[in-house]
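The values are calculated or read from the model by the stated rules, or taken from the named source; none is laboratory data. Everything numeric here is computed off the predicted structure, so don't read it as measured data. Here the Cβ positions follow ideal geometry from the backbone for every residue, glycine too, while neighbour counts run over all protein chains shown. Please note that ligands, DNA and RNA were not included when accessible areas were found on the heavy atoms of the full protein model with its side chains. Shrake-Rupley method; radii C 1.70, N 1.55, O 1.52, S 1.80 Å.
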Amino acid sequence: MSLKASALKTYIAFLKPRLVNHHISRPYFYCENTLFFHASGEQSRFVLSLDDEDPRFYLADDDIDVPTLENKFLDLLKKEIANAYVIDLEEINDDRIVKLSLTVINSVFKEEGRSLYVEMIPHHANAILCTLDDTILGAYRPGEMSDERPMMKGLHYVLPEKKDFLETAQVFDPSSYETSCLAKEAQLQERRKKDRFGYLFEALKKREKLLSKKRILLAQDQQEAESHVNDGAKGDAIYMMYNDINNRQGSFIYEGISIALDPSRSLSGNAQLYYKRAKKAKETIRLSLQNQTATEKALLDVQSALKQLTASDESGLEVLAKELEISPQKAAQKKKNGDWKGLSHDSIPWQIDFHGTKILFGKSAKQNDCLSFLLDTAKDHLWLHVLGTTGSHVMIKKANPTPEEIRAACEVALINSSEEDGDVMLTERKNVRKGNVMGLAIVKESRTIHLKNVSPEIKNLLSHAEKMTLS
């Protein structure tokens, strides 16, 4: 829910000592409707989310170092308030309007004032940068000149008309508000994935739709062909009744079945037509079944690829896009020919459940790549591999695993390399980067565990391993 005017007043009083007399700098466009600024002082990040349903702004302790997305309003902010000093923060007109009064150093190294108005009004959220005399320099949503309140460059900023609503008395806790804002950042991450890699998802979804349609058409072709597969018997019937029928009668009955005749063809020609139809029907069924099998596999691969992409975090998608050289311009061609270089059902890794903890592993170079660099790129998850030989990439899907869970993962690595004793190296995922060939991992630092045997329990779990669950 968006902030009420009274709650906004309380939050500004809470925020003011932490933001005023500090700098906000290095603005970047995180995802649609959301801007991040680096903040000096104890807090690291100032967030401005202009979501129409739930506009909000807040301070966060952590800084997020990710590439910015492109946005015209961001270009203006970079030019005008790349390193601004906050001199005041206030609510305007007892409404859901926040004004940040800023001081900046211009291109000739002189101080200038700027005002950033943030309109926290649901369905009309906006941010407007102005000079000190409220001349608009630019707005996130500039609108059109025909609008009631256009926010075009050069116009004078006019406050929106205040609408008095009866507010019900509610207890507002600023700390709880910031906690709820931080909880919503998972939604922002998903939004950013779609903003950055939407072309990739769209291309795969279009291919999924085409393959689904193709599957239906092939089934219809098969059904139609099956209605003619026994037409050869109709040709035989013509010869059986040859002396008792003529082609001009249009049809005849044979063993209770009506058999049509083409008057423009001779009886022999009609029989040959039925033979050809039967032969064609059998070939159509053969090809249809063959194409349906290929289509089913292609559809499964596309659906699996979509699940893998959905389950991937942003860093995993960056690795994938770079490896496959996918760009918005190239996505259309890849959609056309289905070339996703191994991202398929076969590339989904495997998993076992060890007392409630997922241990993930690959059985091939494709699956190893997919696991380590696409699906589970959490930096604090443990990554394991048998030392000195080829084998599975193994990951424990949780932070701070127990010694028992680590041993179980080591046993998985050994068993998948056909070993029952040996050395297993382990390290945090942040110390692993992708090599120049599929399945190759380059490890920055690691430690080693030596096992003398593997347990029957892990052998049994591996015998019942399942494909990794992708949501």
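Report, to two decimal places, the Cα Rg of region 344-445 normalised by 2.2 N^0.38 Å (N = number of residues).
On the way: Rg = 12.2 Å, N = 102, 2.2 N^0.38 = 12.8 Å.
Expressed relative to 2.2 N^0.38 Å, the Cα Rg reads 0.95.
Once the C-beta distance of Lys297 and Ser212 is scaled by a Förster radius of 22 Å, the resulting FRET efficiency is 0.95 to the nearest 0.05.
Lys and Arg at +1, Asp and Glu at -1: add these up for the other residues within a Cβ distance under 13 Å of Asn460 and post the number. Numbers along the way, then the final one.
Values: positive: Lys459; negative: Asp353, Glu411, Glu457.
Computed value for this residue: -2.
The largest accessible area among Met152, Met438 belongs to the first residue in Met438, Met152, and the rest follow in falling order (1.4 Å probe, all chains).
Order Asp88, Asp353, Asp75, most accessible first, counting only protein heavy atoms with a 1.4 angstrom probe. List each step's numbers first, then the result.
Working: Asp88 45, Asp353 70, Asp75 95 Å².
Order by accessible area, largest first: Asp75, Asp353, Asp88.
With an a/c value of 1.5 or above and a/b not larger than b/c for the gyration tensor axes a ≥ b ≥ c computed over the alpha-carbon atoms, region 74-152 is described as oblate.
For Lys162, a cut-off of 28 angstrom between C-alpha atoms picks up these lysines, skipping any fewer than 8 places away in its own chain: Lys4, Lys9, Lys16, Lys99, Lys153. Spin-label pair Met240-Ala186: with each label point 7 Å from Cα along the Cα-Cβ axis, the two points sit 7.0 nm from one another.
Please sort by residue number the trypsin sites (Lys or Arg not before Pro) in region 64-114 whose DSSP state is loop and whose Cβ has at most 11 other Cβ atoms within 10 Å. Mind showing how you got there, number by number?
On the way: sites: Lys72, Lys78, Lys79, Arg96, Lys99, Lys110, Arg114; in loops: Arg96, Lys110.
Sites meeting the loop and neighbour criteria: Lys110.
Working note: Karplus 6.51/-1.76/1.60 with θ = phi - 60° gives region 392-409 the couplings 6, 7, 10, 9, 9, 7, 5, 7, 6, x, 6, x, 5, 5, 5, 4, 4, 5 Hz, where Gly and Pro are set to x. Remark on region 1-89: hydrodynamic radius 13.6 angstrom, per the Kirkwood mean of 1/r across alpha carbon pairs. Computed log10 I(q)/I(0) for region 52-107 at 0.29 Å⁻¹: -1.18, from the Debye equation with unit scatterers placed on every C-alpha and solvent omitted. The heavy atoms of Ile396 offer some 0 square angstrom of accessible surface to a 1.4 angstrom probe.
The residue among Ser266, Ala237, Gly256 whose Cα reaches farthest toward the positive pole of the charge dipole of the chain, with charges on the beta-carbon of Lys, Arg, Asp and Glu, is Ser266. Over every Cα atom in region 250-292, the radius of gyration and the widest Cα-Cα span, Dmax, amount to 13.7, 38 Å.
Rolling a 1.4 angstrom probe over the protein heavy atoms with all chains in place gives region 357-452 an accessible area of 45 Å² per residue. Expressed as a whole percent, the accessible area of the chain that falls on carbon and sulfur atoms is 51 (1.4 Å probe).
In terms of the Cα gyration tensor, with a ≥ b ≥ c the square roots of its eigenvalues, is region 33-84 rounded because a/c is under 1.5, prolate because a/b exceeds b/c, or oblate? Intermediate values should be presented prior to the final figure.
Numbers: a/c = 1.64, a/b = 1.07, b/c = 1.53.
Judged from the Cα gyration tensor, region 33-84 comes out oblate (a/c at least 1.5, b/c at or above a/b).
The heavy atoms of Tyr239 offer some 100 square angstrom of accessible surface to a 1.4 angstrom probe.
With a 1.4 Å probe and all protein chains left in place, how much accessible area per residue does region 1-79 have, in Å²?
Numbers: 3570 Å² over 79 residues.
Value returned for region 1-79: 45 Å² of accessible area per residue.
Enclosing the Cα atoms of the chain in their convex hull gives a volume equal to 292 cubic angstrom per residue.
Within the chain, which is the longest segment containing none of the GluC sites (Glu not before Pro) that sit in a DSSP loop and have at most 15 other Cβ atoms within 10 Å?
Values: sites that count: Glu32, Glu42, Glu53, Glu70, Glu144, Glu148, Glu161, Glu167, Glu255, Glu325, Glu420, Glu445.
The longest uninterrupted stretch comes out as 326-419.
Note on region 151-259: with charges restricted to the Cβ of Lys and Arg (+1) and Asp and Glu (-1), its dipole about the Cα centre is near 740 debye.
Under the classification rounded if a/c is under 1.5, otherwise prolate if a/b is larger than b/c and oblate if not, where does region 108-238 fall, given a ≥ b ≥ c as square roots of the Cα gyration tensor eigenvalues? Show your work: numbers first, answer last.
Numbers: a/c = 3.49, a/b = 2.79, b/c = 1.25.
In terms of gyration-tensor shape, prolate.
At R0 = 35 Å, how high is the FRET efficiency between Lys282 and Asp346 if r is their beta carbon distance? Nearest 0.05 is fine.
On the way: r = 32 Å, r/R0 = 0.92.
Between Lys282 and Asp346 the formula returns 0.60.
The calculated FRET efficiency for the pair Val158 and Thr390, based on their C-beta separation and a Förster distance of 51 Å, comes to about 0.15.
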